[in-house]
1. Please name which of ALA68, TYR30, ALA120 has its Cα lying farthest along the dipole of the chain towards the positive end, using unit charges on Cβ (Lys, Arg +1; Asp, Glu -1) and the Cα centre as origin.
2. Reported to two decimal places, what Rg/Rh ratio describes the chain when computed on Cα atoms with Rh from the Kirkwood expression?
3. Which angle between 0 and 90 degrees, to the nearest 10, do you get for helix 77-87 versus the longest principal axis of the chain when only C-alpha atoms count?
4. Going by how many other beta carbons lie within 10 Å of each one, how would you line up VAL127, VAL74, VAL52, fewest first?
5. Please list, in order along region 36-48, the HN-Hα scalar couplings obtained from phi with the Karplus expression 6.51 cos²θ - 1.76 cosθ + 1.60 (θ = phi - 60°), rounded to whole Hz, x for Gly and Pro.
6. Mean-square fluctuation check for the chain, GNM, Cα pairs under 10 Å: which of GLY65, GLY102, GLY51 is largest?
7. Whole-Hz Karplus ³J(HN,Hα) for region 3-19, in order, using 6.51 cos²θ - 1.76 cosθ + 1.60 and θ = phi - 60°, x for Gly and Pro?
8. Starting from the Cα of GLU5, step 7 Å along the direction of its Cβ; do the same at HIS99; then give the gap between the two resulting points in nm.
Amino acid sequence: MVDVEEYQRWRAEADRALRSARLQSDDSLYNWACFSAEQGAQLALKALLHGVGAAPWGHDLEQLGARALEQGLVLPEEIADALRRLGRLYIPARYPDAHAAGDAASHFAASDAESAIRDARDVLDWVDAQWQELQ
């Protein structure tokens with residue numbers, strides 16, 4: 001049994017977060033683009049978990065990926081790697097005290113944002129494919 005309505009609620013927000021990441025990257029706000037990409041992946045993964053009734057909790061992408069595995073979903077290594085990379089952005093992209101010196105923005109470049117957006121897009125595509133298989 002799947003919860004289509006709850007999946008759609010969360011999945012729509014994942015699209016908005018990824019769109020936000022692109023807009024922020026285009027405006028050279030690379031650290032915030034990285035964070036928004038992480039959020040997009042997190043929201044999409046939570047959409048899938050809510051959709052299968054797994055009641056996700058927390059913000060750690062690796063743990064959310066493990067929860068997906070517990071639900072019998074297939075988590076390819078490349079998606080697990082993307083979750084790991086994106087998960088490392090959750091705090092340092094936002095907080096100056098996550099770095100020895102400088103503000104958070106000074107530690108991120110366009111290439112970081114592009115990589116994060118690409119990883120998030122891969123996660124969203126994987127979520128969509130998993131959801132289609134459940135239908």
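1. The one lying farthest along the dipole's positive direction is TYR30.
2. 1.00
3. Roughly 50 degrees, rounded to the nearest 10.
4. VAL74, VAL52, VAL127
5. Karplus-based 3J(HN,Hα) across region 36-48 equals 5, 5, 4, 5, x, 5, 4, 5, 5, 5, 5, 4, 4 Hz.
6. GLY102
7. Result, rounded to whole Hz: 9, 4, 4, 5, 4, 4, 4, 6, 5, 4, 5, 4, 4, 5, 5, 5, 4.
8. According to this spin-label approximation, the distance is 4.5 nm.
Every number here is computed from the coordinates shown, using simple stated rules; none is lab data. Remember, it's a predicted structure, so these values are computed and weren't measured experimentally. In this analysis, Cβ positions are derived from the backbone assuming ideal geometry, glycine residues included, and neighbour counts consider all displayed protein chains.
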